[in-house]
Structure formats: structure tokens, C-alpha cells
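Each remark here refers to the structure printed beneath this line.
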Amino acid sequence: MQKILKDVQDYHASTEKLIEMIAVSDVQMTGFYHMVPAPSNIVMEKIYKNDLPSDVVLTDDGMWFTLPVGSDSIEVD
């Protein structure tokens, strides 16, 4: 497990870098997916989200993001 967690740093973006990219972009919402390690329960999810901007969504399998035509809204189901 230690080797895997070290190796993934070469091909996964860090949370800090993603937050920097969000700060300089003009987006309404950002979805984080394929997190390593993934939050395993609601407590860990809240801890993980503690330092994230409020417009970041931690995604789950099967989650849908709908962008209605003629609207600026984003619907998350």
C-alpha cells in the first residue's frame, strides 16, 4: 500500500494544484473524482472537504451532472 500511495503521486494531481487551477478559472462547479485515497465514510468526506472551495463536489459512482440548454445552472443528481 505504501508503494502504491507513493507511485500515484506521479500521475495524479494534488489537491493543492487543483485548488490553484480552480482559483484562476471561471467555473461554477468542479467535480473531484477518482480520489486517492478516497474518503471511506461521511466523516472522512467532511474532513477532506474542509480545505476545499465551496463549489467543489466530491463525486460518487452514478452521479449525474446536467447542464440544461439555455441556462447557467448545473443540476447534480
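List of remarks:
- The stretch 13-56, residues that are of a type outside the set (A, V, I, L, M), more than 29 Å from Ser71 (Cα to Cα), exposed (fewer than 13 other Cβ atoms within 10 Å of the Cβ) and in contact (Cβ under 8 Å) with a residue 12 or more places away in the chain: Pro37, Asp51
- The single condition among (1) polar (S, T, N, Q); (2) touching a Ser or Thr at 6+ places or on another chain (Cβ under 9 Å); (3) under 22 Å from Met1 (Cβ atoms) that Ser73 does not meet is (3).
- Qualifying residue in the stretch 7-15 (condition: more than 15 Å from the chain's Cα centre (by Cα), at negative phi and of a type in the set (Phe, Trp, Tyr)): yes
Listed here are the residues, each with its yes/no results for (1) of a type in the set (S, T, N, Q); (2) modelled with pLDDT under 90.
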{"site": "Val27", "(1), (2)": "no, yes"}
{"site": "Tyr33", "(1), (2)": "no, yes"}
{"site": "Asn41", "(1), (2)": "yes, no"}
{"site": "Glu45", "(1), (2)": "no, no"}
{"site": "Gly62", "(1), (2)": "no, no"}
{"site": "Thr66", "(1), (2)": "yes, no"}
{"site": "Ser71", "(1), (2)": "yes, no"}
{"site": "Glu75", "(1), (2)": "no, no"}
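- Count of the stretch 48-72 residues which are of a type in the set (Asp, Glu) and over 22 Å from Met35 (Cα atoms): 1
- Entirely in the stretch 1-63, the helices (runs of 4 or more DSSP H) that have 1 or more residues that are in contact with a helix residue (DSSP H, G or I) (Cβ under 9 Å, 6 or more places away or on another chain) and closer than 26 Å to Ser73 by Cβ: 42-49
The values are calculated or read from the model by the stated rules, or taken from the named source; none is laboratory data. Everything numeric here is computed off the predicted structure, so don't read it as measured data. Neighbour counts are summed over all protein chains in view; Cβ atoms, including those assigned to glycine, are modelled from backbone coordinates with ideal geometry.
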